[in-house]
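Here the structure is laid out as structure tokens; the discussion comes afterwards.
The values are calculated or read from the model by the stated rules, or taken from the named source; none is laboratory data. Because the structure is a prediction, the values reported are computed rather than measured. Cβ sites come from the backbone with ideal geometry, for glycine too, and all protein chains shown count toward neighbours. Surface areas here come from the heavy atoms of the whole protein model, side chains and all, with no ligands, DNA or RNA. Shrake-Rupley method; radii C 1.70, N 1.55, O 1.52, S 1.80 Å.
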Amino acid sequence: MLQIIKLTVNGKPCEIAVDRRWSLAEALRQALGLTSVKKGCEVGECGACTVLVDGKAVDSCLYLALWAEGKSVVTVEGLKSGDNDLHPIQKAFIEECAVQCGFCTPGLIMSAVEIVGEGRVYSRDELRKLLSGHLCRCTGYENILNAVERAVREING
Amino acid sequence: MAYPDIIGKSVPRVDARDKVTGAAKYTADLCPANALVARVLHSTVAHGLVRAVDISEAEKVPGVEKIVTCFDVPDIGFPTAGHPWSTEISHQDIGDRRLLNRHVRYIGDDVAAVVAVDEVAAARALRLIRVEYEELPAYTDVSSALAPDALPLHEEVSDSNIVKQHIYEAGDLDAVRSRADLRHFRHTYRTQPAQHCHIESATSFAWMEGGKICVVCSTQIPHIMRRVIGQALGLPWGSIRVIKPYIGGGFGNKQDVLYEPLNAYLSYIMGGACVRLEISREEVFTSTRQRHAEELDYQAWVDDKGRLMGRDVLVLAQNGAYASHGHAICANSSTVLRDIYNDELATRTEAKTVYTNTGTAGAMRGYGIPQACFAAECMMDDIALELGMDPIEIRKLNMMRPGFVDPGTGIACNSYGLADCIEKGRELSRWDEKRARYAKPQSGNIRRGIGMGIFTYKTGVYPISLETASARLVLNEDGTAQLQLGATEIGQGGDTVFCQMAAAASGLDFERIHIVSFQDTDTAPFDTGAYASRQTYVTGKAIKKCGELFRQKLTERAAARFHRPAEELTVAGDRIADRSGATVVTLADLAEDAFYALDGSEHITAEVTSHCTDNTFAFGCCFAEVEVDLALGRVKVLDLINVHDSGTLINPALAAAQVEGGMSMGLGYALSEEMLYNGEGRLLNGTLLDYKLPTALDVPDLKAEFVVTDDPTGPFGNKALGEPPAIPVAPAIRNAVLQATGVAFNELPLEPKRLVAAFSERGLI
Ligand code: FES
Ligand code: FES
């Protein structure tokens, strides 16, 4: 049942053997050890497994590993720059106290990367909508919104 | 009191960097890839006896290694509550659980388990297991379970379905009842079953090594977990080793032992092979724990000034199929009623916890207080409305005052910020102005109102249970130190404030303290874990004592090496200084010498136990401004403010973050969250899509505020913080809706269907 797929993960081309039934979340966790990809429901309800596929945020639990053939996938492990500096969004999450248990955090950060990548500034209400696919039970979203708002402002403002 | 500067400083979380980079490891991240996979077969009937389990087809599925049924597991009853163990038999938790059950008591109960090489094989096998049940009558609500002819769910515990009940009486209530000059109020308030919804499921894996069963699991209570696994398997407690990595939220669900004993057992019978048991989100909903649905039949007698003369409250808690925390939560609901408000003449509370054929209720953030507080705060506004009083004034007349001592528990009000919290909330919410504005007659489809609610919350469990915590500081060769605790980081920020406290007490720089975040019961000092908002208070006392001892050991070493009197020396960040502030030796040099001196090496460590015999009340309030769309039955929260007295704040930014999270949980409880069961006891909305916890779109900007007090019993003036924020939000919103619409909703949640029905009944739409 294993099949080889070629894709780019966090900037590095790789070839991995995946079970045809695997979701991308399973492939990233099991074949590549990228455990930042969290599983909170495995049916597309919580957003914890969000990664970027060719720049778009997707629920990797709902995305077959095979579909990632030839695509470029980014997880939070891939956000650090060469000198190990954190991405501005990661810094904003720390500084705004947007992290509590941390289980929703990697997924939210990946959605924030997508949002910031649009190159524009958003209102708080727009951000609420854009982040509404992520469930967080710890923060009430207040500091997450503050963090994303700050990152958007710093990068695109 | 003046505390060292690190107390009250909003340092960033010590675990934040690892959590934003993906370096932080949670249970599932640590499981070996080749672990066997276990899945559980759940009961499809709400109440019955398993007559037979046919596994013959399931066993043929390729990849299936083992199937165990309720007929195979040891017949040992064990408790699951995350309570400290009691050495007195009469105070021990009810042991009504089995690893798998022949007598199934709810839809979702555990009948059999499959161990297979992968998920697919396990899932296929589950589908092929045939179970034959002899069905028994199912009691899916409290009243049917209490019917005189109802069969007891747990004969060995009780000959009725009452898990436990108790009555508290003070004063002559009959005299109050008979007074014609008093106004009598009677309402029934109902709260719904709700769930924690930690985003990480309940998950574990287990293997055997060195003659021990090792269990890595997502838990708030590693040491209690070890004990319960030992009890469940009939093995010595020391032969179990529990490891707790980072956890993706708990909120009380993981203050219970869930599937970890079954996981340990499955590894045990597989000869110690590594077995993973990760339940699905749907199983988390049906088969873990939930917040008790409670019904409070609430009577109050007041004089014409609004003074409570007497109350008589019956609290009924729906406990579901197993005891879990037993009567403790319902008892807590009833106790708080006499704490938060005081009756001039008489108080009576009666509390009953009832088994039903539904999912098991257990601990959830607030431990019975959100339910009681909803009723108490609704009643206050209902009385205020009748008497034409301001809700704040009637509360001030009746609420707890400084110097209060609970007559049953002896817990005293040692520090008091309640009145100031209310005043602060009043100002921030512009209460007087808005309350007056919205009191004017409103017409049209959109109505506005403002409401509030208050609460009190204890800090830890003394004297109801043991309170104990231990801490260890271990010097490194470079003059930094490890802090080791049995207390757990569960997302609340515990590790960060523990480091702040250790720095304050030892004199070391904050940056020099490294917390060992993971607990391994083989090496972590004993602590009962994260619950009852106890850790900054109870564990904090242990850290303080430990830090002081560590400081003393460091100065003694310096004194001996440099021939100076120890009492002249102290630890000052990165060095030992004398009274003039001059450096005697750096900690790095002192440590190197301590480890490697040829004329006397010493590994400097400090380890203490703090046996806590204190408790204290935290306070707070919520102010909510709402806009109600009558036709849509929709409540939009325009403004939400919580003001808390949690004593001294160790880390104000983290404290505010904790409050915001609690407020959103309270908001969901108020407006949308409810576990819906049908008449057969089947959960209808057990997914994160159908169970409506708030998303970023549902939450307004949250305002978390504090009144800082200095509690003399807290290690650094601090008291409970973690759970309280979830408590006052629902009644504040309900009371705001009452002002906006004139309709008193006595049942949660305030969801559109309920609202539209009530508004049409009253001719508002
Ligand atoms: S795990 Fe993918 S959305 Fe929840
Ligand atoms: S930080 Fe815990 S779920 Fe978001």
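Summary table below
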{"quantity": "Lysines whose Cα lies under 21 Å from that of B:Lys424, excluding same-chain neighbours fewer than 8 positions away", "calculated": "B:Lys396, B:Lys434, B:Lys703, B:Lys719"}
{"quantity": "Kirkwood Rh (inverse of mean 1/r, distinct Cα pairs), the range B:581-719, angstrom", "calculated": "20.3"}
{"quantity": "Chain B: DSSP helices with Cα axial extent of at least 20 Å and average Kyte-Doolittle hydropathy no lower than -1.0", "calculated": "B:369-387, B:540-562, B:652-671"}
{"quantity": "Averaged over A:76-85, number of beta-carbon atoms from partner chains that fall within 10 Å", "calculated": "2"}
{"quantity": "Antiparallel bridges, percent of DSSP beta bridges restricted to the range B:142-246 (to nearest 5)", "calculated": "60"}
{"quantity": "At least 40 Å² accessible surface lost relative to isolated chain, residues of the range B:197-215 (1.4 Å probe)", "calculated": "B:Ile199"}
{"quantity": "Structure-based [θ]222 nm, chain B - -39500 (n - 2.57) summed over DSSP H runs of at least 4, per residue, nearest 500", "calculated": "-8500 deg cm²/dmol"}
{"quantity": "Proximal lysines to B:Lys164, defined as alpha-carbon separation beneath 18 angstrom and excluding residues fewer than eight positions away on the same chain", "calculated": "B:Lys352"}
{"quantity": "Charge dipole magnitude, Cβ of K and R +1, D and E -1 - chain B, Cα centre, debye nearest 20", "calculated": "880"}
{"quantity": "Kirkwood hydrodynamic radius of chain A, from inverse mean 1/r over distinct Cα pairs, in Å", "calculated": "15.7"}
{"quantity": "Average beta carbon contacts from partner chains per residue of B:489-495, 10 Å cutoff", "calculated": "3"}
{"quantity": "Chains B and A, summed buried accessible surface - 1.4 Å probe, Å², nearest 100", "calculated": "3800"}
{"quantity": "Karplus-derived 3J(HN,Hα), 6.51/-1.76/1.60, for each residue of the range B:705-720, Hz, glycine and proline x", "calculated": "10, 9, 10, 8, 10, 10, 7, x, 8, x, x, 10, x, 9, 8, 3"}
{"quantity": "FRET efficiency, B:Leu632 to B:Glu134 (Cβ-Cβ, R0 45 Å, nearest 0.05)", "calculated": "0.40"}
{"quantity": "Number of partner chain Cβ atoms within 10 Å, mean per residue of B:651-660", "calculated": "4"}
{"quantity": "Antiparallel bridge percentage (DSSP; both residues within the range A:2-77; nearest 5)", "calculated": "90"}
{"quantity": "Built amide H within the under 5 Å cut-off of A:Ala98, gap 5+", "calculated": "none"}
{"quantity": "Separation of the B:Asp159 and B:Lys692 label points, Cα + 7 Å toward Cβ, nm", "calculated": "4.6"}
{"quantity": "Loop-located trypsin sites (Lys or Arg not before Pro) in the range B:1-60 whose Cβ has at most 13 other Cβ within 10 Å (DSSP)", "calculated": "B:Lys60"}
{"quantity": "Mean Cβ neighbour count within 10 Å, used as a protection proxy, ranking A:140-146, B:272-278 highest first", "calculated": "A:140-146, B:272-278"}
{"quantity": "Proximal aspartates and glutamates to B:Lys753, defined as alpha-carbon separation beneath 18 angstrom and excluding residues fewer than eight positions away on the same chain", "calculated": "B:Glu627, B:Asp629, B:Glu673, B:Glu674, B:Asp690, B:Asp698, B:Glu761"}
{"quantity": "In range of the label at B:Ala572: residues from the range B:579-614 whose backbone nitrogen is under 11 Å from the point 7 Å along Cα→Cβ", "calculated": "B:579-585"}
{"quantity": "Amide H contacts of B:His47 (H built 1.01 Å from N, under 5 Å, at least 5 apart or other chain)", "calculated": "B:Leu136"}
{"quantity": "For the range A:2-77: span of alpha carbons on each principal axis (Å, largest first)", "calculated": "29, 24, 19"}
{"quantity": "Given charges at beta-carbon only (K, R positive; D, E negative), |dipole| of the range B:645-765 in Debye", "calculated": "300"}
{"quantity": "Positive dipole terminus of the protein assembly as shown, leading residue within B:Gly252, B:Ala558, A:Val58 (C-beta point charges)", "calculated": "A:Val58"}
{"quantity": "Accessible heavy-atom area order of B:Ser760, B:Ser43, highest first, probe of 1.4 Å", "calculated": "B:Ser760, B:Ser43"}
{"quantity": "Most positive-pole-ward Cα, B:Ala624, B:Tyr457, B:Ile394, against dipole of the protein assembly as shown from beta carbon charges", "calculated": "B:Ala624"}
{"quantity": "Kirkwood Rh, Cα atoms: Rg over Rh of chain B", "calculated": "0.99"}
{"quantity": "Unsatisfied cross-links (Cα-Cα over 27 Å) in the set A:Lys12/B:Lys25; A:Lys38/A:Lys129; B:Lys25/B:Lys212; B:Lys19/B:Lys545; A:Lys129/B:Lys19", "calculated": "B:Lys19/B:Lys545"}
{"quantity": "Charged-residue dipole, Cβ positions (Lys, Arg, Asp, Glu), the protein assembly as shown about Cα centre, Debye nearest 20", "calculated": "1060"}
{"quantity": "Area of B:Asp420 that stays accessible when all protein chains are in place (1.4 Å probe, Å², to 10)", "calculated": "90"}
{"quantity": "Cα-Cα separations in the protein assembly as shown greater than 40 Å, expressed as whole percent", "calculated": "40"}
